[in-house]
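Just so it is clear, none of the values below were taken in a lab; they were calculated from the coordinates. Since the model is a prediction, treat every value here as computed from it, not as a measurement. Here Cβ is always computed from backbone atoms with ideal geometry, including for glycine, and neighbour counts include all displayed protein chains.
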Amino acid sequence: MYAALAVANLSTSAATHPQLLEEEVLRHLVPILQSEEVQEVIAYVLNALGNFACSEIMWHELQQMNAADGILTILKQTQREEIRINCLFCLANLTADPWHRKWMMGKEVYEIIWSYMQDPNYTIMSYSLAILRGLAVETEAQELFPSMGLVPLLIGIYHSQCPQSLKTLSMDLLLHFSMFKQNAGLMMEKEVAQVIELAGRGTGHVEYVPIGIAIIANICESVDLHDRIVESPLFEVLTEHIHNDNTNAPWHVIRALMQLSLSPKYHHVILTTGAMANVCPIALTQRLSIGMRTNALQMMAAVCATHPTTPTTSDIIDLMFLIVNSEENIDIRRAAALVIANASSDSGNLHFSSSTVDNTSTSRLAKPRVGVGAMSFNVDEEIEIPSCELIATKCIGSGVTSEVYQGHWTRIGQVVAIKAITERSAIRPDEQLAFAREMHILTQVQHENLVKFYGVCIDMPPLRIITEFCEGGACFELLHNSDEVDLIWPQQIKMCKDVAAAMCYLHTFDPMIIHRDLKSLNLLLDRPVFGPTDEPVVKVCDFGVAKLQASPEGWGQMTAQAGTKHWMAPEMWRGTKYDEKVDVFSYAMVVYEIVCREVPFEQEEPADVGKYTLAGVRPDMDAVPPDAPPTLVQVMQHCWAQESRDRPSFPEVVRMLASL
């Protein structure tokens, strides 16, 4: 028994599996399944075999020794719950092996598993679902399982109070069923479609979004269902995630729209979603999959057949760049050529003469300018700073896409901050977009509580933005990593007022500007604060995800979950339309940081923050000091209202703070 326990413990580490295989441990373990050993020994053996089933190197010998047959025999005979759980655990892991999947389908293991699907023990239920999910990789299972009545059971699990892991398994099974084209009609039935809609919207858990969108994309492969799809909430779910860069959803959205584009009568509907604006940036982004890039181009090609004016001037140049690039994937080049072929039926596109196209394409291939590629932008000479005039002295911060240096601008003898967009192999379109957006905004705004912009450097990589140097560093460091620095209420009130003043300026600017990533990390101190006698001057910085209002009527398409999760408004988590009030919600989180000197939801994983925010949960108010100014606390609570319409505007916030 102790030997079996030792092997079970050793098997939990995959690093031991090669050596244990070499020692022929399976030849000692598998025969025990057929013996009269005590139940504890068999339980440990099953545990070890379940762990070994996770390693591909063990599969062949497990097949040769008919281990699954012994496990199945014990499962049918045992009355002990622990043994049953370990048997199910083994079979669930063995479904990763194609040979064992086919063996289980032949043995109709699913019939035995069916009796455990509603077991009161969630562990048994979970492993049973895991077995069915593993088998559902097979087309035979995708066709068979729904006919057994499994779908209503999965819907019931999703709506129940069972653990999240069971709901995830249920959604995975629905996803596998949707891969069988004949199940598309079943997926459109009212109760099933409602669950898919909830998953796609992230209701209940944000991790379901890619699963929900993938199911919708699979359904879209049935052309005869296009009418029902476009008229259903499922199409609305697709449109909500067209500009969502924070999940795997965009890949499935593009796949779904490509399938819908096979129905010409819906081309005008696809055009209204704004998806066409993403096609060329996606097609030019080499880090994305060939399938996603090709699907995007195929969608545009289909729409161009009925709406040849769809590609913009920039799109046509980008498409020609893809076509003439001999190093590009051939499927992408063909799809780009098809777009041009369909678009050429419009006489308005003929002004792109062969010489214009040749010159443009050649210039992009032979003389690539920093920042020109999937997106092209120009810089006014007045704000372009030559790299020879900049000296970076030390790195003062780094992030996912950029590094910030303290430096010296020799032309004016000024200490500056140099934000460099970090390069790995090539500057990605999303990095170029963030750089161009920040540059465009900084050239227009000027306020005492906004970081002063000097210019940009693009004559050689990396791309750089030059701003004033705020020697006090980020407010985050003062608030959360400087416990030795005591702050008094006049200082904290001043910090809150500075941020509100800067945001009021942005929100009343014409056109209005949303920051979308307001947090203490993006607030800089003009000078250091060492104690109660130092007056803080706070300046808002980092406009990498900011957005200018598209028109006086509205914001147009907005990226879901832009910004940083711990400061993010509920409507951003939902992926629904939102407006400038998302900054007001984030401001409430900043006030909480300043008042409590705690990071909001500090103990929670980023992926879980959305669940609490959507449920109306807010950071712990017990952290608010008892002597905190009541007006400041009221401002914070008003600003993090669940519904955006209930939050004040920044001009109203400034007026509320004026009394302090």
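What's the longest bit of the chain with no exposed trypsin sites (Lys or Arg not before Pro), using DSSP loop states and at most 15 other Cβ atoms within 10 Å as the test?
Longest gap between qualifying sites, sites excluded: 108-286.
Treat each spin label as a single point 7 Å out from the Cα along the C-beta direction, and report the H159 to D534 distance in nm.
Between H159 and D534, the label points sit 5.9 nm apart.
Pulled fully out, how much extra length does the chain show between K577 and R287, if you take 0.36 nm times their separation in residues and subtract their Cα-Cα distance?
101.6 nm
Efficiency by 1/(1 + (r/R0)^6): what FRET value for D459 and R334, r their Cβ-Cβ distance, R0 = 45 Å, to the nearest 0.05?
My answer for the efficiency is 0.80.
Assuming 1.567 mPa s and 4 °C, estimate D for the chain with Stokes-Einstein, Rh taken as the Kirkwood radius over Cα pairs, in µm²/s.
Diffusion coefficient, whole number: 45 µm²/s.
From the phi angles alone, apply the Karplus equation (6.51, -1.76, 1.60; θ = phi - 60°) to region 446-460 and give each ³J(HN,Hα) in whole Hz, x where the residue is Gly or Pro.
7, 7, 5, 10, 10, 4, 6, 9, 9, x, 10, 10, 10, 6, 7
With each run of n ≥ 4 DSSP H residues scored as -39500 (n - 2.57), what mean residue ellipticity at 222 nm is computed for the chain after dividing by its residue count and rounding to the nearest 500 deg cm²/dmol?
For the chain, the value works out to -15500 deg cm²/dmol.
Grab the beta carbon distance between M148 and A341, set R0 = 56 Å, and tell me the FRET efficiency rounded to 0.05.
Once rounded, the FRET efficiency stands at 0.70.
Report the label-to-label distance for C54 and V654 in nanometres (one decimal), using points 7 Å from each Cα along the Cα→Cβ vector.
Here the modelled spin labels are 5.7 nm apart.
Which translational diffusion coefficient, to the nearest whole µm²/s, is obtained for region 475-657 from the Stokes-Einstein equation, given a Kirkwood hydrodynamic radius over C-alpha pairs, 20 °C and 1.002 mPa s?
The Stokes-Einstein estimate is 129 µm²/s.
How many percent of the alpha carbon pairs in region 506-545 exceed a separation of 17 Å?
Everything past 17 Å amounts to 44 percent.
Can you pull the one-decimal nm distance between simple spin-label points at D646 and D620, each 7 Å off the Cα toward Cβ?
My value for the distance between the label points is 2.4 nm.
Could you tell me the center-to-center distance, by alpha carbons, between region 594-660 and region 471-499 in angstrom?
Distance between centres, Cα-based: 17 Å.
Which value, in debye to the nearest 20, gives the size of the charge dipole of the chain about its Cα centre, when Lys and Arg are +1 and Asp and Glu are -1 at the Cβ?
1080 debye
Given a cut-off of 19 Å, name the pairs among K419/K497; K539/K565; K394/K419; K519/K581 whose C-alpha atoms lie farther apart than that in the structure shown.
Pairs exceeding the cut-off: K419/K497; K539/K565.
Estimate the FRET efficiency between E140 and A96 by the formula 1/(1 + (r/R0)^6), using the beta-carbon distance for r and 22 Å for R0, to the nearest 0.05.
With R0 = 22 Å, the Cβ-Cβ based efficiency is 0.80.
Could you quote the convex hull projected area for region 4-66, Cα atoms only and averaged over all directions, in nm²?
That works out to 3.7 nm², a quarter of the Cα hull's surface.
Relative to a virtual label point 7 Å from the Cα of Q64 in the Cα→beta-carbon direction, which members of region 14-37 show backbone nitrogen distances below 20 Å?
Zone members listed by number: 16-34.
Calculate, in nm to one decimal, what N481 and K76 gain on full extension: separation in residues at 0.36 nm each, minus their alpha carbon distance.
139.9 nm
So how much slack lies between E40 and L21, counting 0.36 nm per residue of separation and subtracting their Cα-Cα distance, in nm?
Working it through step by step, the gained length comes to 4.5 nm.
Taking every DSSP beta bridge that has both residues in the chain, what percent is antiparallel when rounded to the nearest 5?
Looking only at bridges with both residues in the chain, the antiparallel portion is about 95 percent.
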